[in-house]
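The values are calculated or read from the model by the stated rules, or taken from the named source; none is laboratory data. Note that the coordinates shown come from a computational prediction; the quantities given were computed from them, not determined experimentally. Here Cβ is always computed from backbone atoms with ideal geometry, including for glycine, and neighbour counts include all displayed protein chains.
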Amino acid sequence: MTTIPRQPTGGDVLVAVMKRHGIDTAFGVISVHNLPLVEAVSRELRFVEMRHEAAVVNAADGYSRATGRIGVALTSTGTGAGNAAGSMVEALTAGSRVLHITGQIDSEHYDASAPGPSRGVIHEFPGQLQMLEAISVFAATVPSADRAEAVLEEALAAITGIPGGPASVEWPSDLQYLARPDEQQPHAVEPGSAPRPDGDALDAAAALLATAERPLLWVGGGAAGARAELTALAHRLGAGVLTSNSGRAIIPEDDDLVVGNFASTPAVAPLLAEADLMLSIGTHFRSNETKSYHLELPKRHVQIDVDPAAVGRVYPAEIGLVGDASAVLAALLERLPETTTDAGWPQRVRAVREGVRADLYGYIGGYADICRGLRTVLPREAVVARDVTIPSSQWGNRLLEFYDRSSNIFPLGGGIGQGLAMGIGAAVGRPEVPTVVIAGDGGLAVHLGELASLCGTGAWVVVLVFNDGGYGVLRNMQQANGLDVTGVDLFTPDFGLLARSMDMPYWLVRDASTFEPVLREAVAARRPVFIEVDVTALEPKPGAFTPPVHIPTPTGRA
């Protein structure tokens, strides 16, 4: 049999770019439209095989969030790129550092500047670039074999820019084969820079903070790089710290000034009413965290955001500081004189912190033992990847403590079924610690095939599935609003048989008091394992969780 000598391809160009940026892993689904890319990455770096393109992007996203590095997703074109689109929306919502490289039909049949009727080329989608532009901060087509490296570098510059986010590159299949590393055109990418507030605005903000007697901070995901500055400022001011879900654990949640992601709960309302100043950092004030924007916040408001359009968009800001959170907070700390914080204010914050946690622990019944068991067994640096399900939304988003933002991974956009793949990506990126995936039976079923992907990696992952026989969140919402209960009671697999088919050790928990020893045994296995919790058997019975979704009524707001 004659062996055909291997020729350099665009895959070698991709590998060279990845190595230049310290990227050693890519997730993907192999296809006739990305063979050269997958072949080179598998040969030179690490290629993690997934089953579905949506999961590919979720895994790259989870990898990026857990490691702080760039996650690379390789998908097919047309339908394959379409499959990835929903997960790219999640990455865009979260501002994740994901490089999505998808194929495109051969360049002789493709004209990105004039999308028109399909010619019938397999996987042809004339509007693919427009779709990619809608779901990415940067999207471009590789126009010629010698321009591949330049386009990849432009995409990476956009990903790592400010504010940054996911980027997409579509690469015609023929140009993947024809590109050569030594034939790439020279290119230069100008790095972007964050805006900086002027000194007068910083002076005014520092003066306002210094005169506040009862200050609060509201921390969003845009403050991710400002852990030290935020912690120093909170303690200098004696300020209570509220967070969005995305801003959790930027300051470790065992800090006694951190009230956390409880702003919309009744017990925090008096604290908000008593506060005389709010400093918000890098937050969108999302609807589900502000009672659909009806949450009353202090009138005096200083807002820090890298996006000028965000300042005052939801809540009026007396002073807006546009710039990178770390740099702006450092400048404020330099200017901050002695403060006039009420000596009793930190004590008031701590009392509310303890009260909201005690209230929720009491309400969630048998889930309380599970929440405590997770925190007892898992090391502080362990990753928890949470799908959209009742345990995640009801208490995982608030009560389960995290100590570093990179350990708290969840679908910020609220899409169900993404948690498992995110957990796979996180575990691949951080093999030295266990990863727990929290999912519901309905959400897990969205991508059951990714259990096989997980087992293929051998990663240290505990898949923790809460089984209530369907979509419990929507079932509660229907019942709470007098709607028919329909479309939510699902046929559910026998998870024990499913785990056995995947060669995964399996445990069934019906008594919450037995959860901690089960989890301890599961974590000790240091491999993919499966724990099912029968939610219907838990005692005390958990209180119902209804999502904070606005339901209009004829007489006004529900």
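Evaluate segment 362-377: report whether one residue or more is in the same structural domain as residue 441 (by TED's automatic domain parsing), under 22 Å from residue 285 (Cα atoms) and of a type in the set (Asp, Glu).
no
So which strands (runs of 3 or more DSSP E) are wholly in segment 109-228 and hold at least 3 residues that are surrounded by fewer than 15 Cβ atoms within 10 Å (Cβ to Cβ) and of a type in the set (Phe, Trp, Tyr)?
Here the list is empty.
Okay, residues lined up against (1) of a type in the set (D, E, K, R); (2) in contact with a Phe, Trp or Tyr (Cβ under 6 Å, 6 or more places away or on another chain):
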{"position": "422", "(1), (2)": "no, no"}
{"position": "426", "(1), (2)": "no, no"}
{"position": "432", "(1), (2)": "yes, no"}
{"position": "442", "(1), (2)": "no, yes"}
{"position": "450", "(1), (2)": "yes, no"}
{"position": "458", "(1), (2)": "no, no"}
{"position": "466", "(1), (2)": "no, no"}
{"position": "479", "(1), (2)": "no, no"}
{"position": "486", "(1), (2)": "no, no"}
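Could you check how many residues of segment 378-394 are of a type in the set (Lys, Arg) and touching a strand residue (DSSP E or B) at 6+ places or on another chain (Cβ under 7 Å)?
1
Listed here are the residues, each with its yes/no results for (1) farther than 19 Å from residue 206 by Cβ; (2) polar (S, T, N, Q).
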position	(1), (2)
340	no, yes
345	no, no
348	yes, no
351	yes, no
355	yes, no
361	yes, no
365	yes, no
369	yes, no
373	yes, no
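For the condition under 28 Å from residue 363 (Cβ atoms), small (Gly, Ala, Ser) and either at pLDDT 95 or above or outside the structural domain of residue 14 (by TED's automatic domain parsing) (or both), what is the one hit in 249, 201, 194, 205?
249
Write out, first by first residue and then by second, each pair whose Cβ atoms fall under 9 Å of each other, whose residues are 6+ apart or on separate chains, and whose first residue, in segment 493-518, is over 17 Å from residue 444 (Cα atoms) and free of Cβ contacts under 8 Å to residues at least 24 places away in the same chain while the second is of a type in the set (D, E, K, R) and crowded, with 16+ Cβ neighbours inside 10 Å.
So the pair list comes out as 514/369.
Output the residues belonging to segment 419-433 that are in contact with a strand residue (DSSP E or B) (Cβ under 8 Å, 6 or more places away or on another chain) and either assigned by TED's automatic domain parsing to the domain that holds residue 54 or surrounded by fewer than 23 Cβ atoms within 10 Å (Cβ to Cβ) (or both).
430, 433
Quick check on segment 458-492: of everything there that is among the acidic types (Asp, Glu) and surrounded by fewer than 19 Cβ atoms within 10 Å (Cβ to Cβ), which residue is farthest from residue 523 (Cα to Cα)?
484
Results for (1) more than 30 Å from residue 395 (Cα to Cα); (2) over 22 Å from the mean Cα position of the chain (by Cα); (3) part of a loop (DSSP other than H, G, I, E, B), shown as yes or no for each residue.
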| position | (1), (2), (3) |
| --- | --- |
| 280 | no, no, no |
| 296 | no, yes, yes |
| 309 | yes, yes, no |
| 313 | no, yes, yes |
| 330 | yes, yes, no |
| 334 | yes, yes, no |
| 341 | yes, yes, yes |
| 346 | no, yes, no |
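Determine which member of the set 179, 158, 188 is outside the structural domain of residue 325 (by TED's automatic domain parsing) and out of contact with any strand residue (DSSP E or B) (no Cβ under 9 Å at 6 or more places or on another chain).
Within the list 179, 158, 188, the selection yields 188.
Within segment 32-51, can you find the residues that are more than 26 Å from residue 185 (Cα to Cα) and at pLDDT 95 or above?
Correct list: 46, 47, 48, 49, 50, 51.
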